[in-house]
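Down below is the structure, laid out as structure tokens.
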Amino acid sequence: MTEPQRERLAAAQAGLLRALLADGTPPAGFDPERLRVEARSLLNKRRGVVAALRPDVAAELADRFRPLFDEYARAHPRRDGTRFREDAAAFAEWATARGELTPPRRRRWWRRGT
């Protein structure tokens, strides 16, 4: 494979990922409806994993969890090499910064003697 071919392939792959993960325009040659269905499936999976890892966040947000997470996920696609726990923590920080979650209580580094 030549360098120009690699660059075209990389650009096509990046476009496909944008369409699937960040509401990007479907690249030429792909069925927009199938990409929409797959993108929705990936978003549902990501949301479900975050809810499973941070049930406290999902419970506190209740009915607001789904729309808030979807907004977050579209603006913050997962990067290669990130873990789901990092993604869940980043969502919680994002929601807290927006005032949607109560800030976590600070832990004391010391304990009272008994």
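The values are calculated or read from the model by the stated rules, or taken from the named source; none is laboratory data. A quick note: this is a predicted structure, and the numbers were derived from the prediction, not measured. We place every Cβ from the backbone using ideal geometry, glycine too, and count neighbours over all the protein chains shown.
Some points to look at:
- Restricting the first member to the range 71-87 and to residues that are within 14 Å of residue 50 (Cα to Cα), and the second to residues that are in a loop (DSSP other than H, G, I, E, B) and not aliphatic (A, V, I, L, M), the beta-carbon pairs closer than 6 Å and six or more apart or on different chains are 87/78.
- Residues of the range 1-50 that are part of a loop (DSSP other than H, G, I, E, B), in contact (Cβ under 8 Å) with a residue 40 or more places away in the chain and not small (Gly, Ala, Ser): 23 alone.
- Of all residues making up the range 57-80, the number that are at pLDDT 95 or above and over 10 Å from the mean Cα position of the chain (by Cα): 12
- The set of residues in the range 51-63 that are part of a helix (DSSP H, G or I), surrounded by 13 or more Cβ atoms within 10 Å (Cβ to Cβ) and without any contact (Cβ under 8 Å) to a residue 40 or more places away in the chain comprises 51, 53, 58.
- Residue tally, condition part of a helix (DSSP H, G or I) and in contact with a helix residue (DSSP H, G or I) (Cβ under 7 Å, 6 or more places away or on another chain), over the range 67-109: 13
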